[in-house]
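The values are calculated or read from the model by the stated rules, or taken from the named source; none is laboratory data. Bear in mind the structure is a predicted one, so any value in this text is a computation, not a measurement. Glycine gets a Cβ as well: all are built from the backbone with ideal geometry, and neighbour counts include every protein chain shown. Heavy atoms of the whole protein, side chains included, go into the accessibility calculation; ligands, DNA and RNA do not. Shrake-Rupley method; radii C 1.70, N 1.55, O 1.52, S 1.80 Å.
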Amino acid sequence: MTSVSRTAGSTIDPVPELRTRWATTVAAARGTRRPTAPGGAPAPDPTPYAENLLSRWSEPQRRYHNVAHLAAVLDRIDELAEHADDLPVVQLAAWFHDAVYRPDRSENEERSAALAERALPELGVGAARTAEVARLVRLTVTHDPAPDDPDGEVLCDADLAVLAGSPDAYAAYAASVRDEYAFVPDADFAAGRSAVLRQLLALPRLFRTPQGYDRWEHLARRNLATELDLLSGGG
């Protein structure tokens, strides 16, 4: 299995590389030499948009859903790239999928998708690709793409790949999730987290791409079952 190298607690600063990746992805998604914003004006420099997104991903309430998670998801998308139909769209969806994140709110994915719907046309990304990015962001509510949705499969697999970390890496991930919900009492957190774990374990497949399934399915299910057992008082 390819290791999940950039997770909570990583000492690698992913921000410089992320800035470069953002510019490359936006250029690929525009798909023209002279992209235009609504009204026909030249599309703006993508750099300020990168800074806005990176600022969002660096907010203090984030312990897991931070720039390290963004970088890790983009790395996993690279590994699954051959399965995607429109790789720049999947990469943009990764950038936006947790761009709005408050652990005490339930509409994060919807607000993140709406942010993409506002920002991407300004950047000169076409309507069809903008709509597809927003659809993929909303798909991360369930992580349950349709069988004929390769881009959804790649994004969801990349987002869930953290579940297949080593025992130590998975423990760090679980601890960072708990830190994000520090305002929730232990018993309530255990009940809610257990429900999420059971929902994931009930899926016929956690990973829908052939590569993701082969690399990550067994380890992820073992990690989920172990955490569920610990939350239930079995460990």
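Out of all the residues in region 178-197, which are open to solvent by 10 Å² or more (accessible area, probe 1.4 Å), out of contact with any helix residue (DSSP H, G or I) (no Cβ under 7 Å at 6 or more places or on another chain) and assigned to a helix (DSSP H, G or I)?
Passing the criteria: Asp179, Asp186, Ala187, Asp188, Ala191, Gly192, Ala195, Val196.
For region 142-150, state whether one or more residues are free of Cβ contacts under 8 Å to residues at least 60 places away in the same chain, of a type in the set (Val, Ile, Thr), open to solvent by 10 Å² or more (accessible area, probe 1.4 Å) and under 29 Å from Ala43 (Cα atoms).
no
Take Arg221 and decide whether it is more than 30 Å from Ala43 (Cα to Cα), under 16 Å from the mean Cα position of the chain (by Cα) and among the basic types (Lys, Arg).
The answer is no for Arg221.
Could you check Glu59 against (1) in a loop (DSSP other than H, G, I, E, B); (2) in contact (Cβ under 8 Å) with a residue 60 or more places away in the chain; (3) acidic (Asp, Glu) and say which number it fails?
(2)
Any idea which of Ala29, Ala23 is surrounded by fewer than 19 Cβ atoms within 10 Å (Cβ to Cβ), of a type in the set (Gly, Ala, Ser) and either within 16 Å of the chain's Cα centre (by Cα) or modelled with pLDDT of 95 or more (or both)?
Exactly one of Ala29, Ala23 is surrounded by fewer than 19 Cβ atoms within 10 Å (Cβ to Cβ), of a type in the set (Gly, Ala, Ser) and either within 16 Å of the chain's Cα centre (by Cα) or modelled with pLDDT of 95 or more (or both), namely Ala23.
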